Structure formats: C-alpha cells, structure tokens
Amino acid sequence: TTETLPNGTLGVAYPATSLQASAGGGTWSISAGLLPTGLTLTPAGVLSGTPTTPGTFNFTVRYQISATSAATRPFSIVVGGSL
C-alpha cells in the first residue's frame, strides 16, 4: 500500500521507512534497478541507511506473499546535496 518514498540527502541518514502491504506475512526485496548507494531494504520491508551517492534511483520492490503470489511496485528516490 506504500505509494511513494521520501527523497534523501547525501550523507544524511535516510528516514527509516517501513513499506506497507494490505496482506501480511510476506517478504520484501528489490526485483529490478538499484537502491541509492548506502541504503538497504530488509526482508521485513524496512528501508534505511545513509545515501553516499547523489542522483535519481529507480527500482522495483517485490512483495512475496507465497510461492505463487507476489506483487511489485516501482519507486524512485532522488538523493540530493553534496558533502
């Protein structure tokens, strides 16, 4: 159910964000593209870290509910600023 993600600032801790889905019990992963360098996504859906590279990062998140049921959603995070 998560629609958008906050943008980030180079060298500043990303606001830890928990992805949400209408069905519980699944696991989260990146199925295409790349997260901003320095960020990670846990299987529980928590996105956190400190961006170390500026730019626009486009990626797709996969929510695996069961062996035969999954959903994906594209996201974009812009990392701005300079050290």
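Some observations on this one:
- Restricting attention to segment 1-60, the residues being more than 15 Å from Gly80 (Cβ to Cβ), touching a Ser or Thr at 6+ places or on another chain (Cβ under 6 Å) and free of Cβ contacts under 8 Å to residues at least 24 places away in the same chain number 3.
- Tallying residues that are in contact with a strand residue (DSSP E or B) (Cβ under 9 Å, 6 or more places away or on another chain) and either hydroxyl-bearing (Ser, Thr, Tyr) or under 21 Å from Ser22 (Cα atoms) (or both) within segment 34-68 yields 21.
- Filtered by the rule that a residue be over 15 Å from the mean Cα position of the chain (by Cα) and farther than 16 Å from Ser76 by Cα, segment 6-25 gives Gly11, Val12, Ser22, Ala23, Gly24, Gly25.
- When segment 57-83 is filtered for residues that are open to solvent by 30 Å² or more (accessible area, probe 1.4 Å), within 11 Å of Gly8 (Cβ to Cβ) and of a type in the set (Val, Ile, Thr), only Val78 remains.
- Hey, Gly81 on the phi > 0 side of the Ramachandran plot and more than 15 Å from the chain's Cα centre (by Cα) or not: yes
- Scanning segment 48-83 for residues that are aliphatic (A, V, I, L, M) and modelled with pLDDT of 95 or more yields Val61, Ile77, Val78, Val79.
The values are calculated or read from the model by the stated rules, or taken from the named source; none is laboratory data. Quick caveat, the model's predicted, so the values are computed rather than measured. All Cβ positions, glycine included, derive from the backbone under ideal geometry; neighbour counts span all protein chains shown. These accessible areas exclude ligands, DNA and RNA; they are computed on the full protein's heavy atoms, side chains included. Shrake-Rupley method; radii C 1.70, N 1.55, O 1.52, S 1.80 Å.
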